[in-house]
Each structure stands twice: as C-alpha cells, then as structure tokens.
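The values are calculated or read from the model by the stated rules, or taken from the named source; none is laboratory data. What you see is a predicted model, and the numbers here were worked out from it, not measured in a lab. Don't worry about glycine lacking a Cβ; one is built from the backbone with ideal geometry, like all the others, and counts go over all protein chains shown.
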Amino acid sequence: MIEIENVRKSFGSLEVLKGIDLTVQKGEVVTIIGGSGSGKSTLLTCINGLEPIDSGRILVDGTEVHAKGTDLNKLRRKIGIVFQQFNAFPHLTVLENVTLAQRKVLKRSRAEAEAEAVKQLNHVGLGDKLKVYPGRLSGGQQQRMAIARALAMSPDYMLFDEVTSALDPQLVGEVLDTLRMLAGEGMTMICVTHEMKFAREVSDRVAFFHKGVMAEIAPPEQLFGNPKDTELQKFLSATH
Ligand SMILES: Nc1ncnc2c1ncn2[C@@H]1O[C@H](COP(=O)(O)OP(=O)(O)OP(=O)(O)O)[C@@H](O)[C@H]1O
Ligand SMILES: [Mg+2]
C-alpha cells in the first residue's frame, strides 16, 4: 500500500504540493486529474523518491521513501513508472530494451530476462516486434513497449504519467486498452490522465488536483456525476 501523509513540496518560492493526503490500497486504481501545473507529476516523482519532499511522509509497504537509510534502489524496484515521452534506446531492439534493466538492476540471467521480456511484450500485444528497433514502432507501440519494460521488472505498483498525451488520437485507444487490462488484472496503479472517459471507467477513485491541493477525491460516478468542488465543476465543464 502507498500512504501519502500531509506531503508538502516547494520549488523555490512556489509551493506545488500543499499538504497531500492519499492512501492507495493494494489492487486499487486511482486516477489523478487536474489542470496544468497542479502538482500531479510532482506527486508521482515524490512517490518513487525522484524528488525530495519538504514535510510529511510517503510510505510504500511501510517503508518511508524519504527517510535517511531507505534503500531507494530497492524501493524503486517495487514501483514501475511510465512517462508521457518514450525513452527507448534507439540502437537496441525491442527485446533488448525490455531485457536491459532486468539484467543490470535485477541481475537476471539473459535467458531469464528474455523469457520475461517475451512474456510481457506478448502481454501488451507486441510479441511480433521483438527484433524490431524502436524507431520502427508507432507511438502507441513505443508506449506499450515502455509499459512492458516496466512490467518486466515485476513491480508491485505502477505509476503512469499522461502516457497517452503525446500520441496521435488514433493511437490513444490501444494504450488505454493496455492500462485497462492491467487494472483488470489487479495491478495497483496511480494514473495521471486527461482522458476523462478512461478515468471514469477504470478508476476505483478519482482525485482532482488544483493548485497543489487535492480538492476532491471520490469514486468516479460521484466525482464526475456530482462534483462538489467548484474548481472541479469548472474543470469538468471545460474538458467535456
Ligand atoms: N524541477 C522543477 N523545478 C522547478 N519548478 C518545477 C519543477 N517541476 C515542476 N515545477 C513546477 O511545479 C508546478 C507543478 O508541476 P507539475 O509538473 O507537478 O504539474 P502537473 O500537474 O503535472 O502539470 P501538467 O498537467 O502540465 O503535466 C508547476 O508550476 C511547475 O512549473
Ligand atoms: Mg504533469
């Protein structure tokens, strides 16, 4: 489980997280929506310890992420993260891209890492692209490769930061279908997204961020059907 307790964070004089509280249970899918600059990406980078926090705490399976003495490398192995932009190694095949971190970080043997890579690439529908270079993949395929690469590390949690927002509209669906599949399999996920229909369908709870505050959090029927926060009401009427 991920426990976020009264987390505050500033960049210089700008406070971007103003006391965030959120607990994500095992198997839960929480999506985060909200305007640009509201702190969504910052929260994800704090959860896996890429960014320090100013106060409060974040616990992952009881381990405090920002405590002195926490083994961040060990902790990050539990948490897969996929970003908006693809960061594949262009000179490595799809199979090699999905194998590399398993070998380097998890010290898996080549055979073991390749078997896991093939399994996860099949899982996201790229079983026929093993020997292809990433430059030959469509944007949606590249993003599915990034998801396969994260899954191959056997994470307990997956964080997705607007994984479809750099894609052409016709490629968004295949990536959202992959996320839906993972949610259906019981993966614990936090997804930052601008895809409201997806958020409504897949989430156990949806959180609305506004200017560093989690202004509302509720099951999707409630959050979309009967939003209480006035900023959320404005946000939803602007995005519909
Ligand atoms: N490394 C950084 N240094 C300084 N300011 C930053 C840094 N990262 C983010 N910020 C600022 O913090 C605020 C929150 O940024 P964040 O990326 O978390 O927003 P977001 O909700 O993910 O927005 P978007 O929907 O545009 O991705 C923004 O004002 C941003 O400019
Ligand atoms: Mg962002």
Exercise for the section: Confirm whether residue 65 is in contact with a strand residue (DSSP E or B) (Cβ under 7 Å, 6 or more places away or on another chain) and modelled with pLDDT of 95 or more. Expected result: yes
Practice task
Could you list, in sequence order, all residues of region 64-85 that are surrounded by fewer than 18 Cβ atoms within 10 Å (Cβ to Cβ), assigned to a loop (DSSP other than H, G, I, E, B), in contact (Cβ under 8 Å) with a residue 24 or more places away in the chain and not charged (D, E, K, R)?
Solution key: 84, 85
Practice task
Tell me, please, whether a residue that is more than 17 Å from the chain's Cα centre (by Cα), polar (S, T, N, Q), assigned to a strand (DSSP E or B) and more than 14 Å from ligand 1 (Cβ to nearest atom) can be found in region 18-27.
Solution key: no
Completion exercise
Of the residues in region 6-20, those that are touching a residue at least 40 places away in the same chain (Cβ under 8 Å), within 16 Å of ligand 2 (Cβ to nearest atom), over 23 Å from residue 219 (Cα atoms) and not β-branched (Val, Ile, Thr) come to 9
Fill in the blank from the handout: Conditions (1) touching a Gly at 6+ places or on another chain (Cβ under 7 Å); (2) modelled with pLDDT of 95 or more; (3) within 16 Å of ligand 2 (Cβ to nearest atom) -> residue 167 fails only (2)
Exercise for the section: Would you point out which residue out of 209, 224 is without any contact (Cβ under 8 Å) to a residue 40 or more places away in the chain and of a type in the set (Phe, Trp, Tyr)? Expected result: 224
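Kindly establish whether residue 164 is more than 11 Å from the chain's Cα centre (by Cα), of a type in the set (Val, Ile, Thr), surrounded by 21 or more Cβ atoms within 10 Å (Cβ to Cβ) and within 15 Å of residue 32 (Cα to Cα). Quick ask: steps written out before the conclusion?
Numbers: more than 11 Å from the chain's Cα centre (by Cα): yes; of a type in the set (Val, Ile, Thr): yes; surrounded by 21 or more Cβ atoms within 10 Å (Cβ to Cβ): yes; within 15 Å of residue 32 (Cα to Cα): yes.
It is true that residue 164 is more than 11 Å from the chain's Cα centre (by Cα), of a type in the set (Val, Ile, Thr), surrounded by 21 or more Cβ atoms within 10 Å (Cβ to Cβ) and within 15 Å of residue 32 (Cα to Cα).
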Exercise for the section: Tell me which residues, restricted to region 148-157, are closer than 14 Å to residue 188 by Cα and either crowded, with 22+ Cβ neighbours inside 10 Å or within 16 Å of ligand 2 (Cβ to nearest atom) (or both). Expected result: 151
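Is it true that residue 82 is aliphatic (A, V, I, L, M) and away from ligand 1 (no atom under 16 Å from the Cβ)?
Spelling it out, it is not the case that residue 82 is aliphatic (A, V, I, L, M) and away from ligand 1 (no atom under 16 Å from the Cβ).
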Handout entry: Matching residues, region 202-240, being more than 17 Å from the chain's Cα centre (by Cα), acidic (Asp, Glu) and over 20 Å from residue 17 (Cα atoms)
Key = 221
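Could you pull out the residue among 153, 181 that is more than 26 Å from residue 17 (Cβ to Cβ) and assigned to a loop (DSSP other than H, G, I, E, B)? Can you show your working first?
Values: 181 fails: assigned to a loop (DSSP other than H, G, I, E, B).
Going through 153, 181 in turn, the sole match is 153.
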Problem - Of residues in region 190-239 being assigned to a loop (DSSP other than H, G, I, E, B) and within 22 Å of residue 156 (Cα to Cα), the one farthest from ligand 1 (Cβ to nearest atom) - result: 204
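What about residue 23, is it within 18 Å of residue 157 (Cα to Cα) and within 16 Å of ligand 2 (Cβ to nearest atom)?
On the way: within 18 Å of residue 157 (Cα to Cα): yes; within 16 Å of ligand 2 (Cβ to nearest atom): no.
Against the criterion (within 18 Å of residue 157 (Cα to Cα) and within 16 Å of ligand 2 (Cβ to nearest atom)), residue 23 does not qualify.
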